[in-house]
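Below is one structure; the comments refer to it alone.
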Amino acid sequence: MELAKLTKNGVVLFLFVLLAGCSAVYLPKATVQSSLTTSVNNYQYLIGPNDNVSIFVWRNPELSGSFIVRPDGKISTSLVEDVPVSGKTPTQLAREMENILSKYIRDPVVTVSVNSFVGPYSEQIRVIGAAANPQAISYREYMTLLDLMIAVGGLTEFADGNSAKLVRVSNGTQLTYNLRLDDLIRDGNIGANVDILPGDVVIIPEAWF
């Protein structure tokens, strides 16, 4: 009798777990954000959240100042609130600010500079997995895989560098490429070096022993 009761309870528990697994709801895949840089030869820095932006309005110091880009990609100035700036070059933002300020002052001349560099997520490079210091890094002009690995401190002791992958978004589609990090870093094979583009994700697995 006791054995039958235990068996029954076990079956009920199994069915409960099975039903719970069947009713699990999965979140949709992350939205694919394409980088605006498609070639190493056409790179321009784009402003992003947490950047410190200096806006200088000629002959109007009261309208000039430094502004931190909010997480929503906007800034608020003394005259205008909620100016979208994320994803724009400093020159583009300067011309837009001239158009905005022309409603208040005559023939404004605006210069924009960036004092700290973070950039939009779509332009950052992310290294995850068995790197010594996995992190998100702001892209720099003509950055290569070797430059990137120096920035993250190289591989960990147990990294499987030749099984690493690079994920790149091209025309709205995520493409995956093989990397040879062991050949590059541990064997010094410079032929394994490749160009890096803004928005790239490098995934480094650990070796299975």
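The values are calculated or read from the model by the stated rules, or taken from the named source; none is laboratory data. All values reported here derive from a predicted model rather than from experimental measurement. Cβ coordinates were reconstructed from backbone atoms using ideal geometry, including for glycine residues, and neighbour counts include every protein chain displayed. Remember, those area values only see protein heavy atoms, side chains included, never the ligands or the DNA or RNA. Shrake-Rupley method; radii C 1.70, N 1.55, O 1.52, S 1.80 Å.
See the values below:
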item: Flag if residue 102 is on the phi < 0 side of the Ramachandran plot, exposed (fewer than 14 other Cβ atoms within 10 Å of the Cβ), modelled with pLDDT of 95 or more and touching a helix residue (DSSP H, G or I) at 6+ places or on another chain (Cβ under 7 Å); result: no
item: Residue ID - farthest from residue 149 (Cα to Cα), chosen from residues in region 175-187 that are in contact with a strand residue (DSSP E or B) (Cβ under 9 Å, 6 or more places away or on another chain) and not in a loop (DSSP other than H, G, I, E, B); result: 175
item: Pick from region 147-174, criterion open to solvent by 60 Å² or more (accessible area, probe 1.4 Å) and in a helix (DSSP H, G or I), ranking: nearest to residue 199 (Cα to Cα); result: 147
item: Filtered residues of region 57-86 (kept if part of a loop (DSSP other than H, G, I, E, B), surrounded by 14 or more Cβ atoms within 10 Å (Cβ to Cβ) and not small (Gly, Ala, Ser)); result: 60, 69, 70, 77, 79, 80, 85
item: Residue check, residue 119 over 22 Å from residue 199 (Cβ atoms) and surrounded by 12 or more Cβ atoms within 10 Å (Cβ to Cβ); result: no
item: Count of residues meeting criterion [out of contact with any helix residue (DSSP H, G or I) (no Cβ under 6 Å at 6 or more places or on another chain) and open to solvent by less than 20 Å² (accessible area, probe 1.4 Å)] in region 175-196; result: 1
item: Residue that is nearest to residue 175 (Cα to Cα) [pool: residues in region 40-58 that are touching a residue at least 12 places away in the same chain (Cβ under 8 Å) and of a type in the set (S, T, N, Q)]; result: 44
item: Yes/no for residue 130 being over 29 Å from residue 54 (Cα atoms), surrounded by 15 or more Cβ atoms within 10 Å (Cβ to Cβ), aliphatic (A, V, I, L, M) and modelled with pLDDT of 95 or more; result: yes
item: In region 87-141, residue farthest from residue 153 (Cα to Cα) [restricted to those that are assigned to a loop (DSSP other than H, G, I, E, B), in contact with a Phe, Trp or Tyr (Cβ under 7 Å, 6 or more places away or on another chain) and aliphatic (A, V, I, L, M)]; result: 109
item: Hey, residue 87 at pLDDT below 80, among the small types (Gly, Ala, Ser) and either under 25 Å from residue 143 (Cα atoms) or out of contact with any Pro (no Cβ under 9 Å at 6 or more places or on another chain) (or both) or not; result: no
item: Residue list for region 109-163, restricted to those being more than 30 Å from residue 59 (Cβ to Cβ) and polar (S, T, N, Q); result: 122, 124, 133, 135, 138, 144, 156, 162, 163
